[in-house]
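The values are calculated or read from the model by the stated rules, or taken from the named source; none is laboratory data. Nothing here was measured: the structure is a model prediction, and the numbers come from that model. All Cβ positions, even for glycine, are placed from backbone atoms using ideal geometry, and neighbour counts span all protein chains on display.
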Amino acid sequence: MEHTTWPELSFEASKDTYETIHLWTQIIGKIKLALNPWINHSWHSTLKVTTNGLTSDPIFAKDKQLEIVLNFLEHRLEIISSDDEKKTFDLETLKVSSCYKNVLAYLEDIGIAIKINAIPNEIEDAIPFHDNHEGTYDTEAAIKFHKAMLKVNQVFTQYRSEFRGKSSDVQFFWGSFDLAISRFSGRKAPLHPGGIPNLPDWVTQEAYSHEVMSCGFWPGNEAVPFAAFYSYIYPAPDGFKEAAVKPSSAYFHDDLGEFILTYEDVQKSENPSDTLLEFLRSSYDHAAKLADWDIEKFQFKLEKK
């Protein structure tokens, strides 16, 4: 049975590790944000899932290129430049403040002196990185989180391949701490109200400038204390929350305004990949029909010759 290869996740047991990793990804993401040119929907600042963890992908400094990696197999933060400059930090002993100070100090040592906003984004009552001397890293929790993201990344990539229109890549958003993929209708959307903690409204409004259907995975937070998948459309058409999304265990979360399917329901199913794909396809089909997207035009099938 395939579910044996999908790890069990526990937010309650792993939340301190998740919180620490979240803040590390914010530091890496803000460095990328400071150096890379702006791409629509903030796609220039996201991270990507790799075989060993999370990577910044290319970060473009003036005279060289960087990559910063959270390696969950060897449990270290790695920095490498195109000039073959290398530095590693042990994740098991790395605090939030030391990550912030040491990474920026090393970049300055190799000729990249930058400043980033030290206030974490999308977190209420956020503590500045340099004042946060906490940091918890449980290796088992990190390994399971990474293995889950590998599985999800593969399914999300399959889902992406089925859409002919504008779509994001599968991306890790360090503000909201989720792995996500988005599809677009091509039509402009009404101005988003914003209101996300520690995030300028104009950033949110640019991200939601056009009609979008987004699906994602996150390991949980205090408001939703369990790992889960979500699916939503902006703007939400009439009848969306009443849609009969599959599988039957999926439900509409009124506070979030999104359909939710717990990770546990996927992980324990006969075929987790198929169960997750059913959720992604079903929620998209209902939303796209209600919002009058051109479903036939966007459906992609490779015609082999």
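All but one of (1) on the phi < 0 side of the Ramachandran plot; (2) of a type outside the set (A, V, I, L, M); (3) more than 17 Å from the chain's Cα centre (by Cα) hold for GLY239; which doesn't?
Answer for GLY239: the failing condition is (1).
I'm told SER98 meets every condition in (1) within 24 Å of ILE127 (Cα to Cα); (2) small (Gly, Ala, Ser); (3) buried (at least 18 other Cβ atoms within 10 Å of the Cβ) except one. Can you identify the failing condition by its number?
In the conditions (1) within 24 Å of ILE127 (Cα to Cα); (2) small (Gly, Ala, Ser); (3) buried (at least 18 other Cβ atoms within 10 Å of the Cβ), SER98 misses (3) alone.
How many residues does the range 170-186 contain that are assigned to a strand (DSSP E or B) and out of contact with any His (no Cβ under 9 Å at 6 or more places or on another chain)?
Result for the range 170-186: 8.
Going by what's in this entry, would PHE60 be described as free of Cβ contacts under 8 Å to residues at least 40 places away in the same chain, crowded, with 16+ Cβ neighbours inside 10 Å and of a type in the set (A, V, I, L, M, F, W, C)?
Spelling it out, it is not the case that PHE60 is free of Cβ contacts under 8 Å to residues at least 40 places away in the same chain, crowded, with 16+ Cβ neighbours inside 10 Å and of a type in the set (A, V, I, L, M, F, W, C).
What number goes with the only condition from (1) touching an Asp or Glu at 6+ places or on another chain (Cβ under 9 Å); (2) modelled with pLDDT under 95 that PHE172 does not pass?
Every condition holds for PHE172 apart from (2).
Let me confirm something: among PRO190, PRO197, which residue is part of a loop (DSSP other than H, G, I, E, B), without any contact (Cβ under 8 Å) to a residue 60 or more places away in the chain and not aromatic (Phe, Trp, Tyr)?
Among PRO190, PRO197, only PRO190 is part of a loop (DSSP other than H, G, I, E, B), without any contact (Cβ under 8 Å) to a residue 60 or more places away in the chain and not aromatic (Phe, Trp, Tyr).
Just to be sure I understand, how many residues within the range 114-149 are surrounded by fewer than 16 Cβ atoms within 10 Å (Cβ to Cβ) and part of a helix (DSSP H, G or I)?
6
Do any helices (runs of 4 or more DSSP H) lying entirely in the range 238-302 carry at least 1 residues that are surrounded by fewer than 17 Cβ atoms within 10 Å (Cβ to Cβ) and touching a Pro at 6+ places or on another chain (Cβ under 8 Å), and which ones are they?
The helices (runs of 4 or more DSSP H) meeting that bar are 272-290.
Please go through the range 76-92 and pick out each residue that is under 28 Å from THR17 (Cα atoms) and among the small types (Gly, Ala, Ser).
Of everything in the range 76-92, just one residue is under 28 Å from THR17 (Cα atoms) and among the small types (Gly, Ala, Ser), namely SER81.
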